[in-house]
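Chemist: Before I ask anything, here is the structure I am working with.
The values are calculated or read from the model by the stated rules, or taken from the named source; none is laboratory data. Here the structure is a predicted model, which means the values were calculated and not measured. Using ideal geometry, Cβ is built from the backbone for each residue, glycine included, and neighbour counts are taken over all protein chains shown.
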């Protein structure tokens, strides 16, 4: 079994290039694309309940998100936390 796996690894090494230098594009994450990337990351953090981390990234990336928009994530996380505690009341409101 070990020999078969070893041969598979060697075949993969022979047939696939590990050169990732083509992915290095200067300026790929600067300007507007960088702002959008940071915004998407913040929204992901908010959805995961990591409000403090998301807010820190917002400040460091100099992003501005509407407070009512952020409030929706807070409400979502409160409902999810209640559901984890088997309390469906907040979800029904």
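Chemist: Is it fair to say residue 65 is surrounded by 14 or more Cβ atoms within 10 Å (Cβ to Cβ), in a loop (DSSP other than H, G, I, E, B), modelled with pLDDT under 90 and in contact with a helix residue (DSSP H, G or I) (Cβ under 9 Å, 6 or more places away or on another chain)?
Modeler: yes
Chemist: Which number in (1) out of contact with any helix residue (DSSP H, G or I) (no Cβ under 7 Å at 6 or more places or on another chain); (2) modelled with pLDDT of 90 or more marks the one condition that residue 51 misses?
Modeler: It is condition (1) that residue 51 fails.
Chemist: Determine, yes or no, whether residue 8 is surrounded by 10 or more Cβ atoms within 10 Å (Cβ to Cβ), modelled with pLDDT under 90 and outside any loop (DSSP other than H, G, I, E, B).
Modeler: On the way: surrounded by 10 or more Cβ atoms within 10 Å (Cβ to Cβ): yes; modelled with pLDDT under 90: yes; outside any loop (DSSP other than H, G, I, E, B): yes.
Yes.
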